[in-house]
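The values are calculated or read from the model by the stated rules, or taken from the named source; none is laboratory data. These figures come from a predicted structure and were not determined experimentally. For neighbour counting, all protein chains shown are included, and Cβ atoms are generated from backbone atoms with ideal geometry for every residue, glycine included. Heads up: the accessible areas ignore ligands, DNA and RNA and are worked out on the full protein's heavy atoms, side chains in. Shrake-Rupley method; radii C 1.70, N 1.55, O 1.52, S 1.80 Å.
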Amino acid sequence: TNPGFVVRITQAGLDYAHQQGIAVLEKELAQLKLPDISGDFRLRHVVKVHYEISRLDLRSFHLPYSRISLVPNVGLQVSISNAFAEMDGNWRVKMYFVRDHGSFDLKVENVYIKINLKLGSDASGKPTIDTSDCSTRISKVRVHFSGKFGWLYNLFHSAIESRFRKILESKVCENVVSSVRNELQPYVRTLPVTARIDAMAGIDYSLVAPPTATAQSLDVDLKGEFFSLAHRSAVPFPPLALAFPPDHDRMVYFGASSYFFNTAGFAYHAAGALVFEITDSTVVSPRNGGLCRCPYPLPAPLQLEKMYPDTPMKLRLSTPSAPFLNIGPGGISLKPVVDIQAYAILPNSSLAPLFLLSLVSNVSAVIDVKSGHIVGSLKVGRYGEGAVQGGGSGGASVRMLQSIMNIFASSILLPRLNARLDQGFPLPLPDRIQLSNILVRFHPVSGGSTQPWPS
């Protein structure tokens with residue numbers, strides 16, 4: 001399935017996320033819990049020594065050098081080098097009839113960690129991340145004993161250091177796997193795969209395929225489809241093939257095809273949201289020059305003045321089908337057909353049909369991103385190419401009724417639509433992510449059409 005919405009995270013974006021992740025991992029490793037250890041060995045192959053190491057306290061674990069790399073068609077790799085740690089604890093030794101105890105300091109240097117992260121998606125379309133491999137290598141461990149005979153016990157530190165090295169190498173990877181599973185995995189799953197917009201519609205941002213790692217970026221294909229909350233039905237048109245532009249300069253790119261926006265029109269049309277009724281702005285009144293109580297009084301057809309003098313009117317504006325937009329080099333445009341059914345409101349509150357006017361207008365849209373939402377505004381051209389039907393209007397001029405519609409569109413309909421568009425539609429962002437320095441561009445895709453790319 002082609003995506004209606006795509007996300008690209010570049011190396012710069014991964015580097016930023018990596019800084020935050022390493023800070024979390026450093027805190028996790030600083031909380032490593034090491035077990036007490038004990039054992040026996042012979043000093044210079046003669047003296048049998050029994051030792052016990054307890055109350056191990058890891059004071060710090062520092063990760064000064066690390067990097068994240070893209071592994072094409074696999075996922076991500078995190079490499080950590082020259083890490084170091086410090087800890088202390090208590091020791092106890094029994095050697096012949098000699099018993100002693102004290103404290104020790106341990107320094108771990110030149111720690112190298114390599115973590116491979118596998119990316120995927122689950123049945124609900126949420127992203128997944130897991131550790132596919134982890135390896136740790138420690139080059140240097142130094143133990144210094146203090147106590148009455150500390151100088152003597154420092155002679156057999158190599159045996160103790162070897163035990164510490166093996167334990168730490170095992171525990172570090174255990175902690176890495178746990179951190180990915182308990183910290184990173186829950187976080188990536190905060191990416192919303194469905195977003196409720198209002199009482200009528202939502203957006204489906206579920207992944208249509210696992211994320212793809214390339215040499216330069218991490219690309220994610222999302223469904224990008226609006227749907228009606230009351231009744232979700234199949235979209236009657238397929239998504240376009242959507243290709244990524246060659247840009248890699250910014251941290252993150254969002255791409256939306258015309259399919260994304262057209263499913264919005266389809267969902268809101270199916271929900272009945274594209275129907276507007278106006279009852280308090282018009283009245284048929286020959287004494288006031290025709291249709292009035294609007295910004296500019298307009299002449300009413302003579303037949304209406306005679307049949308319904310001083311009678312309130314009701315206008316019902318609707319679209320016979322969902323508006324279909326096009327994306328061009330200059331932005332978004334559409335030519336919606338609008339039906340205007342006019343009624344006279346009779347004294348008994350019943351409605352008498354006056355005329356039905358079908359008009360077509362050129363509409364352009366401006367798109368921006370604000371506070372993590374796609375926002376927009378519409379500009380409506382003059383209505384034209386219309387046809388009028390209705391017995392009550394007689395030979396009423398279509399041009400005159402077009403003028404009426406232009407007044408209503410600019411003073412009533414357009415402000416309502418733009419107020420809704422100014423609230424915006426949420427972008428698929430995980431928790432605690434805010435966008436800055438946003439730029440909206442239009443890029444060509446297959447077939448010669450263009451798509452907007454907020455980056």
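What residue, among those in segment 1-37 that are out of contact with any His (no Cβ under 6 Å at 6 or more places or on another chain) and hydroxyl-bearing (Ser, Thr, Tyr), is nearest to residue 115 (Cα to Cα)? So that I can check it myself, show each step before the final result.
Looking only at segment 1-37, we keep the residues that are out of contact with any His (no Cβ under 6 Å at 6 or more places or on another chain), and these are 1-9, 11-37.
Next, only the ones that are hydroxyl-bearing (Ser, Thr, Tyr) stay: 1, 16.
Numbers: 1: 32, 16: 18 Å.
Looking at residues that are out of contact with any His (no Cβ under 6 Å at 6 or more places or on another chain) and hydroxyl-bearing (Ser, Thr, Tyr), I get 16.
Look through 376, 384, 392, 372 and report the one residue that is modelled with pLDDT of 75 or more and either in contact with a helix residue (DSSP H, G or I) (Cβ under 7 Å, 6 or more places away or on another chain) or outside the structural domain of residue 275 (by the TED database) (or both).
Unique residue meeting the criteria: 376.
Hey, does segment 140-152 have a residue that's among the small types (Gly, Ala, Ser), assigned by the TED database to the domain that holds residue 55, at pLDDT 90 or above and more than 20 Å from residue 48 (Cα to Cα)? Can you show your working first?
Step one: list which residues in segment 140-152 are among the small types (Gly, Ala, Ser), which gives 146-147, 150.
Cutting the leftovers down to assigned by the TED database to the domain that holds residue 55 gives us 146-147, 150.
From what is left, the residues that are at pLDDT 90 or above are none.
The answer is no, given that none of the residues of segment 140-152 is among the small types (Gly, Ala, Ser), assigned by the TED database to the domain that holds residue 55, at pLDDT 90 or above and more than 20 Å from residue 48 (Cα to Cα).
If a residue has to be closer than 18 Å to residue 253 by Cβ and under 17 Å from the mean Cα position of the chain (by Cα) to count, how many in segment 210-229 make the cut?
Looking only at segment 210-229, we keep the residues that are closer than 18 Å to residue 253 by Cβ, and these are 211-224.
Now restrict to residues that are under 17 Å from the mean Cα position of the chain (by Cα): 211-212, 217-224.
Within segment 210-229, residues that are closer than 18 Å to residue 253 by Cβ and under 17 Å from the mean Cα position of the chain (by Cα) number 10.
Looking only at residues in segment 425-449 that are part of a loop (DSSP other than H, G, I, E, B) and either touching an Asp or Glu at 6+ places or on another chain (Cβ under 9 Å) or over 25 Å from residue 202 (Cβ atoms) (or both), which one is modelled with the lowest pLDDT?
Filtering first and then ranking leaves 449.
Hey, can you tell me all the residues within segment 335-362 that are outside any loop (DSSP other than H, G, I, E, B) and crowded, with 19+ Cβ neighbours inside 10 Å? Working first, answer last.
Our first condition is that a residue be outside any loop (DSSP other than H, G, I, E, B); within segment 335-362, this holds for 337-345, 351-360.
Across segment 335-362, the qualifying residues are 338, 340, 341, 342, 343, 344, 354, 355, 357, 359.
Considering (1) touching a residue at least 60 places away in the same chain (Cβ under 8 Å); (2) exposed (fewer than 15 other Cβ atoms within 10 Å of the Cβ); (3) within 22 Å of the chain's Cα centre (by Cα), say which one residue 18 fails and leave the rest.
With (1) touching a residue at least 60 places away in the same chain (Cβ under 8 Å); (2) exposed (fewer than 15 other Cβ atoms within 10 Å of the Cβ); (3) within 22 Å of the chain's Cα centre (by Cα) applied to residue 18, the lone miss is (2).
Quick check on my filter: what residues within segment 122-149 are within 20 Å of residue 182 (Cβ to Cβ) and assigned to a strand (DSSP E or B)?
Of everything in segment 122-149, those that are within 20 Å of residue 182 (Cβ to Cβ) and assigned to a strand (DSSP E or B) turn out to be 127, 128, 129, 130, 131, 132, 133, 134, 136.
Since residue 33 meets every condition but one in (1) out of contact with any helix residue (DSSP H, G or I) (no Cβ under 7 Å at 6 or more places or on another chain); (2) in a helix (DSSP H, G or I); (3) of a type in the set (D, E, K, R), which condition does it not meet?
Going through (1) out of contact with any helix residue (DSSP H, G or I) (no Cβ under 7 Å at 6 or more places or on another chain); (2) in a helix (DSSP H, G or I); (3) of a type in the set (D, E, K, R) one by one, residue 33 breaks only (2).
For segment 322-333: of the residues being open to solvent by 30 Å² or more (accessible area, probe 1.4 Å) and assigned to a strand (DSSP E or B), which is farthest from residue 235 (Cα to Cα)? Lay out the reasoning, then the answer.
Going through segment 322-333, the residues open to solvent by 30 Å² or more (accessible area, probe 1.4 Å) turn out to be 322-324, 326, 329-330, 333.
Narrowing the set further to residues that are assigned to a strand (DSSP E or B) leaves 326, 333.
On the way: 326: 17, 333: 21 Å.
Of everything passing the filter in segment 322-333, 333 is farthest from residue 235 (Cα to Cα).
Which fully enclosed strands (runs of 3 or more DSSP E) of segment 164-281 have 1 or more residues being at pLDDT 90 or above and open to solvent by less than 40 Å² (accessible area, probe 1.4 Å)?
Ranges flagged: 201-204, 217-222, 225-228, 252-256.
Filter segment 98-108 for residues that are open to solvent by 60 Å² or more (accessible area, probe 1.4 Å) and under 11 Å from residue 52 (Cα atoms) and give the result.
Residue satisfying the conditions is 101 alone.
Go through segment 45-93 and report how many residues are outside any strand (DSSP E or B) and out of contact with any Asp or Glu (no Cβ under 6 Å at 6 or more places or on another chain).
6
Just to be sure before I move on: is residue 38 touching an Asp or Glu at 6+ places or on another chain (Cβ under 7 Å) and open to solvent by less than 50 Å² (accessible area, probe 1.4 Å) in the structure I sent? Show your work before the answer.
Working: touching an Asp or Glu at 6+ places or on another chain (Cβ under 7 Å): yes; open to solvent by less than 50 Å² (accessible area, probe 1.4 Å): no.
Criteria not met by residue 38.
Do you know which residues across segment 59-97 are of a type in the set (A, V, I, L, M), under 38 Å from the mean Cα position of the chain (by Cα) and open to solvent by less than 30 Å² (accessible area, probe 1.4 Å)?
Going residue by residue through segment 59-97, those that are of a type in the set (A, V, I, L, M) are 63, 68, 70-71, 74, 76, 78, 80, 83, 85, 87, 93, 95.
When the remaining residues are screened for being under 38 Å from the mean Cα position of the chain (by Cα), the result is 63, 68, 70-71, 74, 76, 78, 80, 83, 85.
Within segment 59-97, 63, 68, 70, 76, 78, 80, 83, 85 qualify.
Would you call residue 67 closer than 30 Å to residue 146 by Cα and basic (Lys, Arg)?
Judged against the criteria, residue 67 is not a match.
Residues are listed down the side, and each one gets a yes or a no for (1) touching a Lys or Arg at 6+ places or on another chain (Cβ under 9 Å); (2) closer than 26 Å to residue 333 by Cα; (3) charged (D, E, K, R):
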| site | (1), (2), (3) |
| --- | --- |
| 203 | yes, yes, no |
| 219 | yes, no, yes |
| 227 | no, yes, no |
| 230 | no, no, no |
| 238 | no, yes, no |
| 245 | yes, yes, no |
| 251 | no, no, no |
| 261 | no, yes, no |
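Can you run down the residue pairs with Cβ atoms below 9 Å, 6 or more apart or on separate chains, where the first is in segment 3-14 and more than 10 Å from residue 207 (Cα to Cα) and the partner is of a type in the set (S, T, N, Q) and part of a strand (DSSP E or B)?
From residues that are more than 10 Å from residue 207 (Cα to Cα), the pairs are 8/217; 9/217; 10/217; 11/69; 11/217; 13/217; 14/69; 14/217.
State yes or no: is residue 31 open to solvent by 50 Å² or more (accessible area, probe 1.4 Å), within 30 Å of residue 248 (Cα to Cα) and not hydrophobic (A, V, I, L, M, F, W, C)?
No: the conditions fail for residue 31.
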